[in-house]
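The values are calculated or read from the model by the stated rules, or taken from the named source; none is laboratory data. These figures come from a predicted structure and were not determined experimentally. We place every Cβ from the backbone using ideal geometry, glycine too, and count neighbours over all the protein chains shown. Only protein heavy atoms, including side chains, enter the accessible area calculation; ligands, DNA and RNA are left aside. Shrake-Rupley method; radii C 1.70, N 1.55, O 1.52, S 1.80 Å.
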Amino acid sequence: MTDNELIALFRGGDKAACEQLLNKYKPIVLRTARRFFLSGGETEDLVQEGMCGLYSAMQNFERGDFPSYAYACIKNRIADEVRRSSGAKNMALNSSLPIDGEAMGMASPEVSPEDELINSESRDELSDLMRRALSPFEYRVMSMYVDGATMSEMCLALGKNYKSIDNAISRSKNKLQKLLGG
């Protein structure tokens, strides 16, 4: 079924169509949320916001290219949360730092070639910083993490258990927070 057909079924109350769309686009939500390194925050908070953005896209989509529309809604919802969180209660989200490229290779229409070059240089600088600050294992884990790999994919690829991967992510985030002034 096409996205448009699934959206029509979803709007007609079909819960299976809703679930299918949410599952289909969840990797985009995960990759988009992982673009941000949260000083003292949790990526899961942004994933939740991204899923709300996806649901809103499913409700409000009218015509055109649904994947691009959904991505824009997801990205905007996450960006709004980062901006909203600038208060004292959630200061951590205010100091977010993007750490990878656009989700699923979808270019954002408002990104100019100059911005893309700057973003590319920033990613290269962060990659260099990670290479210097992290152990080889932590670097591999964080590289896979920012590329959107799931925990089970990382465990399988690296031959480690869940706890080892989770600990490496936590250690890496702590090291990077200290280096970035977080």
Close pairs (7 angstrom Cβ cut-off, 6 or more residues apart or separate chains): of a type in the set (G, A, S) and surrounded by 13 or more Cβ atoms within 10 Å (Cβ to Cβ) in the range 120-136, in a helix (DSSP H, G or I) and at pLDDT 80 or above anywhere: A133/K175; A133/L176
How about the range 25-94: which helices (runs of 4 or more DSSP H) wholly inside it have at least 1 residues that are more than 28 Å from N174 (Cβ to Cβ) and at pLDDT 90 or above? 43-60, 66-84
Restricting the range 165-182 to residues that are polar (S, T, N, Q) and in contact (Cβ under 8 Å) with a residue 12 or more places away in the chain, the residue that is least open to solvent (accessible area, probe 1.4 Å): S172
Of all residues in the range 1-23 being loosely packed, with under 13 Cβ neighbours inside 10 Å and closer than 18 Å to G53 by Cβ, the one that is farthest from the chain's Cα centre (by Cα): E19
Among the residues of the range 152-164, write down those that are within 18 Å of the chain's Cα centre (by Cα) and open to solvent by less than 40 Å² (accessible area, probe 1.4 Å). M154
On the given criteria, is I118 modelled with pLDDT under 70, out of contact with any Ser or Thr (no Cβ under 8 Å at 6 or more places or on another chain) and under 16 Å from Q177 (Cα atoms)? no
With respect to A33, determine if the residue is within 30 Å of L126 (Cα to Cα) and buried (at least 18 other Cβ atoms within 10 Å of the Cβ). yes
